[in-house]
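Here's the structure we're looking at; comments come further down.
Only the coordinates and a few stated rules stand behind these numbers; no lab work does. These numbers were taken from a predicted model, which means no experiment stands behind them.
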Amino acid sequence: MTALTNRVYLGDNLPILRRLPDASVDLIYIDPPFASENDFKGDKGQKAYRDKAKGAEFVEFLRRRLIVSKELLSNDGSIFIHLDQKKGHYIKLVLDEVFNESNFRNEILVRRINKNLTKQFEGIKSLNVFGDSIYIYTRNETVLFNPPTKTMIADGYWHSFKQPADRPTLRYELLGVKISNGQWMWKKERALKAVENYEKYVSKYQNKIDFDEYAKQNQKDEFLRLSQNGMPEYYIRPKIVLFISHYKENYFIYFLIKSRFL
């Protein structure tokens, strides 16, 4: 395999990783399964992947891929590993072994979109999950980064309106969709208003102005619609973010260090 650019490989990444040349990659970012024991689907309802490995099997699943990933990193290379609160502490020990603890640079906490939904219950089994962790390791101790002082604009995007918490009073029919578990993010009145706002854009402005620009001009409005897979989704506005970049090489690691909505 000689061509390393502009390619997307679909399938198990381990055999593909083993075919790549050593020391050929400057930056690796992985967002592996979280041992959720669930099946996942794409935006159009198609099968995406199965996340069935658990316990020691899950740890070994990642360990084998991390060992190969280390050999792929160039001398100035870095790897970013995204994990949740259930498995991060197990994989951190594996990362220290594979990449050497001296090459650990940071654990960055990534806030989840979910708001604190525990206040609605009289009793809870656990506290609200604030976010996930991204562990940063480098190939060598000499690798440097520029301070996070540069800014960029992260585009607005649509996100699932269904939440994992289980409040029956927030399970109402929305855009023709009924749910039997989980809950919607907002109360019915607020959600219907957001639907009305998006329908107003579609009926009156869609042929005149791009949606992102319309949302920018209507800062106080919230928007909600059906996704391609037939589930409600709501709009999250663009953000101004800080990012870090590699000290020597001409590539950037776009990472949300600090942000504010536009």
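Numbers at a glance
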{"quantity": "Two-decimal log10 I(q)/I(0) for segment 137-192, as the Debye equation yields it once each C-alpha is a single scatterer, q = 0.14, 0.18, 0.28 Å⁻¹", "calculated": "-0.58, -0.68, -1.15"}
{"quantity": "Equivalent-ellipsoid semi-axes of segment 156-236, from the Cα gyration tensor, Å, largest first", "calculated": "24, 12, 11"}
